[in-house]
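The values are calculated or read from the model by the stated rules, or taken from the named source; none is laboratory data. The structure presented is a predicted model; accordingly, all values stated were derived computationally and were not measured. Cβ: placed from backbone, ideal geometry, glycine included. Neighbour counts: every protein chain shown. Ligands, DNA and RNA are stripped out before the accessible areas are found, and what is left, the full protein with its side chains, is counted by its heavy atoms. Shrake-Rupley method; radii C 1.70, N 1.55, O 1.52, S 1.80 Å.
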Amino acid sequence: MKVILANDGIAQDGIDLLEKEGFEVKNTRVAEEQLANYINKNNIEGLLVRSATKVDKKLIDDCPDLKLIGRGGVGLDNIDVKYAESKGIKVFNTPEASSESVAELVFAHLLNGVRFLHDSNRNMPLEGDSQFKQLKKSYAGGVELRGKTLGIIGFGRIGQATAKMALALGMEVMYTDHHTKEASLNLSFFDGQSVDFTLKSSEFKEVLANSDFVSLHVPAQDKYVIGKKELGLMKPGSAIINTSRGGVLDEVALVEALDTDHLAFAGLDVFESEPNPEIKILMNPKISLSPHIGGSTIEAQQRIGVELAQKVIKLLKQ
């Protein structure tokens with residue numbers, strides 16, 4: 001019997017599918033320093049992870065019988081992919097499964113920001129009974145998303161899912177992407193009706209300068225995609241959302257842009273110093289915060305679990 005370790009967890013649908021095909025699934029969280037020993041001791045051939053477990057060169061060297069590494073989600077930056085593949089280990093991810101979940105979180109942060117919900121939720125429990133009228137006045141200057149422009153940096157699956165939601169809300173969408181110069185999007189609705197949109201890529205600086213809101217959808221980078229210079233190109237009073245990776249947005253420059261009122265607000269699901277975000281970020285009243293939960297919906301986890309299981313079955317049953 002082939003043994004699979006889901007070290008960062010896997011949905012029950014995925015476990016059921018693997019067990020039906022004769023696999024044994026260990027849905028256990030093993031600490032990094034004990035992982036190689038656990039894999040070897042239990043004759044594990046497939047390792048499934050999310051973003052928490054790091055699969056580096058040392059772990060790969062220490063586990064000679066490992067045949068595949070699967071990543072539930074989009075990125076592969078926590079896995080030394082080239083080294084694993086050089087050792088004959090198959091590496092894969094599930095890029096489509098969490099697109100809608102991440103896109104919805106972008107709009108959760110956008111709606112939080114334009115209606116000050118992140119800040120009012122902090123202050124209502126403290127002052128709602130004594131300062132209700134003052135709070136009402138403080139939060140009365142919200143704006144609508146409809147009719148505004150959303151600029152999307154990176155137009156892969158998640159960027160496109162975000163664009164569809166923006167279009168459905170009546171927003172204008174601009175995007176920039178090195179690889180996708182034109183994209184056809186199909187918005188399908190509950191009753192079978194659908195609408196097609198064709199969008200064309202714009203220059204990076206043009207997107208920053210003309211967007212009311214900017215949403216980042218890029219892979220992990222060696223340097224900032226958005227730093228002080230890029231934030232300076234954005235419209236006064238605009239906002240930025242990062243649900244992609246920590247380290248693509250300069251947080252020091254972001255705080256400065258918020259403190260000087262150049263930006264109205266920001267929404268962050270990922271952080272430079274994750275899993276220990278900076279206090280200046282956590283305490284800033286203009287930042288809507290979530291703890292890296294972009295793909296963490298029940299539906300996305302079910303899709304990820306099933307997709308991981310299907311790929312494991314295909315690769316190990318050949």
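Brief remarks follow.
- Residue in segment 1-22 that is nearest to residue 50 (Cα to Cα), counting only those that are part of a loop (DSSP other than H, G, I, E, B) and open to solvent by 10 Å² or more (accessible area, probe 1.4 Å): 8
- Of residues in segment 237-266 being β-branched (Val, Ile, Thr) and out of contact with any strand residue (DSSP E or B) (no Cβ under 8 Å at 6 or more places or on another chain), the one most open to solvent (accessible area, probe 1.4 Å): 252
Let's see how each residue does on (1) in contact with a helix residue (DSSP H, G or I) (Cβ under 7 Å, 6 or more places away or on another chain); (2) under 26 Å from residue 94 (Cβ atoms); (3) modelled with pLDDT of 95 or more:
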| site | (1), (2), (3) |
| --- | --- |
| 211 | no, no, yes |
| 221 | no, yes, no |
| 245 | no, yes, no |
| 259 | no, no, yes |
| 265 | yes, no, yes |
| 284 | yes, no, yes |
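- Residue ID - nearest to residue 250 (Cα to Cα), chosen from residues in segment 222-231 that are open to solvent by 40 Å² or more (accessible area, probe 1.4 Å) and either in contact (Cβ under 8 Å) with a residue 60 or more places away in the chain or assigned to a loop (DSSP other than H, G, I, E, B) (or both): 224
- Per-region count, segment 267-318, residues more than 19 Å from residue 75 (Cα to Cα), open to solvent by less than 80 Å² (accessible area, probe 1.4 Å), among the polar types (S, T, N, Q) and within 18 Å of the chain's Cα centre (by Cα): 1
- Residue 199, sole failed condition from (1) surrounded by 12 or more Cβ atoms within 10 Å (Cβ to Cβ); (2) under 22 Å from residue 252 (Cβ atoms): (2)
- The number of residues in segment 168-187 being open to solvent by 40 Å² or more (accessible area, probe 1.4 Å) and modelled with pLDDT of 95 or more comes to 7.
- Of the criteria (1) open to solvent by 10 Å² or more (accessible area, probe 1.4 Å); (2) over 18 Å from the mean Cα position of the chain (by Cα); (3) under 18 Å from residue 174 (Cβ atoms), which one residue 234 fails: (1)
- Complete set of residues in segment 16-29 that are of a type outside the set (S, T, N, Q) and within 24 Å of the chain's Cα centre (by Cα): 29
- Restricting attention to segment 128-159 and to residues that are open to solvent by less than 50 Å² (accessible area, probe 1.4 Å) and outside any loop (DSSP other than H, G, I, E, B), the residue that is farthest from residue 171 (Cα to Cα) turns out to be 135.
- Qualifying residue in segment 84-107 (condition: under 24 Å from the mean Cα position of the chain (by Cα), free of Cβ contacts under 8 Å to residues at least 60 places away in the same chain and part of a strand (DSSP E or B)): yes
- Close pairs from segment 48-75: first surrounded by 23 or more Cβ atoms within 10 Å (Cβ to Cβ), partner of a type in the set (Phe, Trp, Tyr), Cβ under 6 Å, at least 6 apart: 70/92
- Of the residues making up segment 202-221, those that are open to solvent by 30 Å² or more (accessible area, probe 1.4 Å), without any contact (Cβ under 8 Å) to a residue 40 or more places away in the chain and more than 22 Å from residue 294 (Cα to Cα) are 203, 205, 206, 209.
- Enumeration of residues in segment 17-44 that are under 14 Å from residue 304 (Cβ atoms) and out of contact with any strand residue (DSSP E or B) (no Cβ under 9 Å at 6 or more places or on another chain): 17
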